[in-house]
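> Handing you this structure, nothing more for now.
The values are calculated or read from the model by the stated rules, or taken from the named source; none is laboratory data. Quick caveat: nothing in here was measured; it's all calculated off a predicted structure. Every residue, glycine as well, gets a Cβ built from its backbone with ideal geometry; the counts of neighbours run over all protein chains shown. Ligands, DNA and RNA are stripped out before the accessible areas are found, and what is left, the full protein with its side chains, is counted by its heavy atoms. Shrake-Rupley method; radii C 1.70, N 1.55, O 1.52, S 1.80 Å.
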Amino acid sequence: MSDPAIDGLPGRIVLDEIVAARAPWDHALRTGQVLRIIDLEGNQAVDFLMYGLTDDAERYSAQDTIAAQRNVFLKAGTVLLSNEGRAMATIVSTTVARHDTIGGACSCESNTLRYGHHTKAQHACVENFLQSNARHGRGKRDMVSNINWFMNVPVEADGALGIVDGISAPGLWVDLRADMDLTAVISNCPQINNPCNGFNPTPVRVVIAG
Ligand SMILES: [Zn+2]
């Protein structure tokens, strides 16, 4: 039976999984493979990191990516650069107008600062990243600025950031083509104190093809 959610992907499907609400996930992507992330229920922030598969000292760099494309938003055509200035992956297609890479990942510490001490025990993206990265021998010093797929972080005329109601919707997706062998790491954001997940964290679907 055909599945419109995986239309347009190249080659054969090598992985098709659901990432549960609030959960971490990671998987290798080989050069040329495409990772499709599908926002199943809408307005679900998907925090995302990339590390070189053979040398994880090379990893995603938000700073290099923003500087090279002279734009803070990630859109179709954006080349995601490493800290060594090399192309790690390209957004080949997306049904969401733009994605964020300046809002950062939520943590117990930032939750406490922003939303009060009662949020200290809430699960957060940094813990998901640390959990996934620990399986590959990476620790806190390997945490770098991340991508927030589907998250709406507008930049106002005066430079102020907001984390506001999303521009994604059920079934929208982003396609990322690996331009080197890499490990993709996801935190399906557990945040419930701001609108980044519509105050209701939900599952996403990940499909690797090629
Ligand atoms: Zn988060």
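> Using only the Cα atoms of the chain, build the gyration tensor, take square roots of its eigenvalues as a ≥ b ≥ c, and label the shape rounded, prolate or oblate: rounded if a/c is under 1.5, else prolate if a/b is larger than b/c, else oblate.
Values: a/c = 1.32, a/b = 1.22, b/c = 1.08.
Rounded, because the longest to shortest axis ratio a/c is under 1.5.
> On to the next question. Quick one: net charge of R22's neighbours, Cβ under 14 Å, K/R +1, D/E -1?
Details: positive: none; negative: E41, D47, E127.
Around R22, the charge tally is -3.
> What is the spin-label model distance, in nm, from E156 to R70 if the labels are put 7 Å beyond Cα along the C-beta direction?
2.7
> With all protein chains present and a 1.4 Å probe, how do S82, S110 order by accessible area, largest first?
On the way: S82 0, S110 25 Å².
Listed by decreasing accessible area, they come as S110, S82.
> May I ask you to list the residues of the stretch 188-206 whose amide nitrogen lies under 20 Å from a point 7 Å from Cα along the Cα→beta-carbon direction of D3?
Residues 188, 202-206 qualify, since their backbone N sits under 20 Å from the label point.
> How much length is gained if the chain between N193 and E84 is pulled fully straight, taking 0.36 nm per residue apart and subtracting their Cα-Cα distance, in nm to one decimal? It would help to have the intermediate numbers written out before the result.
On the way: separation 109, 0.36 × 109 = 39.24 nm, distance 3.52 nm.
Length gained, N193 through E84: 35.7 nm.
> Related question: So for F73, F199, what's the accessible-area order with a 1.4 Å probe, most first? Kindly include the intermediate steps, with their values, before the conclusion.
Numbers: F73 45, F199 120 Å².
Highest to lowest solvent-accessible surface, that is F199, F73.
> While we're on this one: Cβ under 10 Å from G210's Cβ, G210 left aside: what net charge do those residues give with Lys, Arg +1 and Asp, Glu -1? Numbers along the way, then the final one.
Numbers: positive: R12, R30, R177; negative: none.
Summing Lys/Arg as +1 and Asp/Glu as -1 gives +3.
> Going by the alpha-carbon gyration tensor, a ≥ b ≥ c the square roots of its eigenvalues, is the stretch 1-99 rounded (a/c under 1.5) or, if a/c is not under 1.5, prolate (a/b greater than b/c) versus oblate?
Values: a/c = 1.61, a/b = 1.40, b/c = 1.14.
Prolate.
> Taking a ≥ b ≥ c as the square roots of the Cα gyration tensor eigenvalues, with a/c under 1.5 meaning rounded and otherwise prolate when a/b beats b/c, else oblate, which class fits the stretch 102-197? Walk me through the numbers on the way to the answer.
Numbers: a/c = 1.71, a/b = 1.10, b/c = 1.56.
Because a/c hits 1.5 or more and a/b fails to exceed b/c, the stretch 102-197 counts as oblate.
> May I ask you to derive the relative contact order of the stretch 151-203, considering only C-alpha pairs under 8 Å and at least 6 residues apart, and to give it as an integer percent?
Working: 49 pairs, mean separation 17.1, N = 53.
It rounds to 32 percent for the stretch 151-203.
> Kindly report, to the nearest 10 Å², the accessible surface of Y115 as traced by a 1.4 Å probe over protein heavy atoms only.
60
> Using +1 on the beta carbon of Lys and Arg, -1 on that of Asp and Glu, and nothing else charged, what's the dipole of the chain about the Cα centre, debye to 20? Write down the numbers at each step before the final one.
Values: 17 positive and 23 negative charges, 38 e Å.
Charge dipole, the chain, about its Cα centre: 180 debye, nearest 20.
> At 1.4 Å probe size, what's the solvent-accessible area of K75? Round to the nearest 10 Å².
The accessible area of K75 comes to roughly 80 Å².
> Over the stretch 15-209, what is the relative contact order in whole percent, taking alpha-carbon pairs under 8 Å and six or more residues apart?
Working: 511 pairs, mean separation 87.1, N = 195.
The value is 45 percent.
> Also, quick follow-up: Only helical DSSP H runs with n ≥ 4 go in: add -39500 (n - 2.57) per run for the chain, normalise by residue count and round the 222 nm mean residue ellipticity to 500 deg cm²/dmol.
When only DSSP H runs of four or more count, the value is -3500 deg cm²/dmol.
> Ignoring ligands and nucleic acids, what accessible area does E109 show with a 1.4 Å probe (Å², nearest 10)?
110
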